[in-house]
Amino acid sequence: MASANSDERARLTDLSQARRDVYAFLGGAFLAAPTEKTLRALGDEEFLAGAAELFGAKTLESLRQNAGAVEQTAELQRQAHQEFMNLFKVPGGQYVTPYASVFSDAREVGGKPVKGLLMGPSAVHVKKWYQLAAVEISDEYKDLPDHIGLELNFLAHLCGKEVEFAAKGEEGKLARAWEIERDFLAAHLVTWASRLRDKLYDKSLHAYFRAVADLLVEFTERDLSTLEKAMGPSAKKPVPDYEAIN
């Protein structure tokens, strides 16, 4: 197991709950249409002030545009709900397939490599990461395992376990959680999040979804960087090769 830089390790421990909340928010943003509370959360002045210390100009501008839209129209939630359905639920001109396989994999069809297909190797690989962390997908979840929302919720779950392990002084389990997060981000989520963002920018003009897309990319890339500073660089293996958290 890689040795952790003590300062970065302490910083990660302090940030576990906040990181869990951001991952949970992002996961929910891709799995369900936003509520009025969700829309206003991204426009909250306290949130924007905190974001200014963490994110770059592009993400901050997207967040501010969303905040402005919240104040300008009472129709925002209705519009955002319809936009969510158009983007993620109803195949059509705006539809964006939020699956890793579509962005990352190619399979041979008729002797030629074809990209953009569902349920490719990435879907199989992420299930092994879920199993490693003893995460069971609810029977109520009817979508594919490599959905961006499920991958983000997986990371939220791990950050929540960090809080539990730290409280119990279980240093080995805590370090393993960080390793899983680092390697999952490096081998999977970060490799395709920016392409999903670009597709959302192409398909949506709605301030909320652009803000979510920018927040997704910058937060996951920064989190990976923090984890690698603490735990060393990831080998970027598509499937885990170490033991589960016991």
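Values in this text are rule-based calculations from the coordinates and carry no lab data. Since the structure is predicted, the reported quantities are computational estimates derived from the model, not experimental observations. Positions of Cβ are backbone-derived with ideal geometry, glycine not excepted, and every protein chain shown enters the neighbour counts.
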May I ask you to compute the full-extension gain from Ser225 to His81, defined as 0.36 nm times their residue separation minus their alpha-carbon distance, rounded to one decimal in nm?
48.5 nm
How much space per residue, in cubic angstrom, does the convex hull of the C-alpha atoms of region 59-122 take up?
120 Å³
With a sphere of radius 11 Å drawn around the Cβ of Tyr99, what net charge do the other residues whose Cβ falls strictly inside it have (Lys, Arg +1; Asp, Glu -1)?
-4
If you work out semi-axes √(5λ) of the Cα gyration tensor in Å from the coordinates, which of (i) 40, 29, 17; (ii) 29, 25, 15; (iii) 27, 20, 19 do you get?
(ii)
Could you give the nm distance between label points at Asp202 and Ala134, where each point is 7 Å from its Cα heading toward the beta carbon?
4.2 nm
Cα centroids of region 131-206 and region 19-49: how far apart, whole angstrom?
16 Å
Run down the lysines and flag those whose C-alpha is under 19 Å from the C-alpha of Lys89, throwing out any fewer than 8 positions away in its chain.
Lys142, Lys199, Lys203
Give, rounded to the nearest 20 debye, the magnitude of the charge dipole that region 6-231 has about its Cα centre when Lys and Arg contribute +1 at Cβ and Asp and Glu contribute -1 at Cβ.
660 debye
Thr35-Lys127 pseudo-label distance in nm [points 7 Å out on the Cα-to-Cβ vector]:
3.3 nm
Gained length - Arg11 relative to Glu164, 0.36 nm times residue gap less alpha-carbon distance:
53.5 nm
Given 0.36 nm per residue, what is the gain on full extension from Val239 to Ala52 after removing their alpha carbon distance, in nm?
63.8 nm
